[in-house]
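Working notes for the structure below.
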Amino acid sequence: MNDRGFLLIVSSPSGAGKTTLTRRLLREYDSLDFSVSFTTRPQRPGERDGVDYHFVANATFDRMVEDGEFAEWFVVHGNRYGTARAPIEASLAAGRDMIFDVDFQGARALADAWPRDSLRVFILPPDLATLASRLRSRATDAADVIERRLRKAIDELGHYTEYDELIVNAELEPAYRVLTAVYLTRRHGDHDRPDVALPLTELAAVKAANRATDPAAHARTLIASATS
Ligand code: 5GP
């Protein structure tokens with residue numbers, strides 16, 4: 001049982017559908033806040049400053065690094081991305097959960113900083129062709145950027161062992177059901193409770209059934225097909 005706020009850290013190779021899954025969870029559960037990262041990368045069409053990211057100049061990012069404002073920051077795809085510490089502390093103190101969309105380096109740093117209050121989830125694509133086509137369908141990125149993202153995606157896959165839960169996103173609905181089960185059982189426990197109007201035992205079974213599909217074996221197959 002865990003009614004105290006925690007960090008739900010979600011990573012995946014670009015193109016595995018992580019954003020769709022996490023945004024839906026955020027819409028559905030009021031107990032969750034989104035950690036809006038800071039980045040020096042250019043804003044894409046449709047992205048909102050202060051909502052999807054805080055888009056900042058290099059000088060601003062430098063100043064924040066110097067002032068120790070980041071819980072973690074890294075260079076990803078040639079741009080800097082960082083998570084501010086203050087909103088995390090505010091959410092946890094208020095008993096709220098925070099969801100993070102960060103790469104494996106950020107996930108590791110956050111889990112090191114909040115070891116008891118973190119849960120790391122990795123979203124896997126069904127196959128590499130799907131990953132590549134999802135990346136290419138993002139017409140907002142140039143071809144060389146897409147190639148770089150594909151290489152980084154394969155690299156990112158190699159870190160699946162660092163995560164607590166693996167979810168294969170072959171189809172959105174079942175993947176979302178597992179993510180929901182993982183989130184709610186971490187927050188409220190694996191057994192039905194009179195004070196929580198959620199089918200926790202059933203949700204724990206969804207989580208167990210997902211583990212029984214051996215998503216780690218799927219990750220190993222993906223990595224083997226990328227390197228062969
Ligand atoms: P994109 O530019 O496609 O939005 O994100 C690129 C990558 O940067 C994704 O893997 C995303 O999870 C990661 N990312 C976004 N924000 C942060 C952050 O604050 N810290 C770290 N370490 N990675 C981040």
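The values are calculated or read from the model by the stated rules, or taken from the named source; none is laboratory data. Please read these numbers as outputs of a predicted model, since none were measured by experiment. Positions of Cβ are backbone-derived with ideal geometry, glycine not excepted, and every protein chain shown enters the neighbour counts. Just the protein is used for accessible areas: all its heavy atoms, side chains included, with ligands, DNA and RNA removed. Shrake-Rupley method; radii C 1.70, N 1.55, O 1.52, S 1.80 Å.
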For Ala59, the lone unmet condition from (1) surrounded by fewer than 17 Cβ atoms within 10 Å (Cβ to Cβ); (2) under 28 Å from His218 (Cβ atoms) is (2)
Screening Asp67, Asp33 for residues that are under 30 Å from Gly158 (Cα atoms) and open to solvent by 20 Å² or more (accessible area, probe 1.4 Å) leaves only Asp33
Filtering segment 78-118 down to residues that are open to solvent by less than 10 Å² (accessible area, probe 1.4 Å), farther than 13 Å from Phe6 by Cβ and among the acidic types (Asp, Glu) yields none
Taking segment 1-60 and keeping only residues that are of a type in the set (A, V, I, L, M) and closer than 23 Å to Arg136 by Cα, one is left with Val10, Ala16, Leu21
**Asked** Looking at segment 1-12, is at least one residue open to solvent by 10 Å² or more (accessible area, probe 1.4 Å), at pLDDT below 95, more than 12 Å from the ligand (Cβ to nearest atom) and within 12 Å of the chain's Cα centre (by Cα)?
**Response** no
Note on Thr19: of the conditions (1) within 24 Å of Leu203 (Cβ to Cβ); (2) more than 9 Å from the ligand (Cβ to nearest atom); (3) among the β-branched types (Val, Ile, Thr), unmet is (2)
If we take segment 1-97, then helices (runs of 4 or more DSSP H) inside it with 2 or more residues that are touching a residue at least 24 places away in the same chain (Cβ under 8 Å) and out of contact with any Pro (no Cβ under 9 Å at 6 or more places or on another chain) are 18-28, 86-93
Going through segment 142-156 in order, the residues found to be within 13 Å of Pro13 (Cβ to Cβ) and over 13 Å from the mean Cα position of the chain (by Cα) are Ile146, Arg148, Arg149, Leu150, Arg151, Lys152, Ala153, Ile154, Asp155
Within segment 74-97, the residues that are of a type outside the set (S, T, N, Q) and within 12 Å of the ligand (Cβ to nearest atom) are Phe74, Val75, Val76, His77, Gly78, Arg80, Tyr81, Gly82, Ala84, Arg85, Pro87, Ile88
If we keep only residues of segment 98-123 that are assigned to a loop (DSSP other than H, G, I, E, B) and within 11 Å of the ligand (Cβ to nearest atom), then the residue farthest from Tyr53 (Cα to Cα) is Asp103
Being open to solvent by 40 Å² or more (accessible area, probe 1.4 Å), out of contact with any helix residue (DSSP H, G or I) (no Cβ under 7 Å at 6 or more places or on another chain), among the hydrophobic types (A, V, I, L, M, F, W, C) and closer than 23 Å to Asp97 by Cβ narrows Ala208, Ala224, Ala143, Ala170 down to just Ala208
Taking segment 27-41 and keeping residues at pLDDT 95 or above and either more than 21 Å from Thr180 (Cα to Cα) or of a type in the set (Asp, Glu) (or both) leaves Glu28, Asp33, Ser37, Phe38, Thr39, Thr40, Arg41
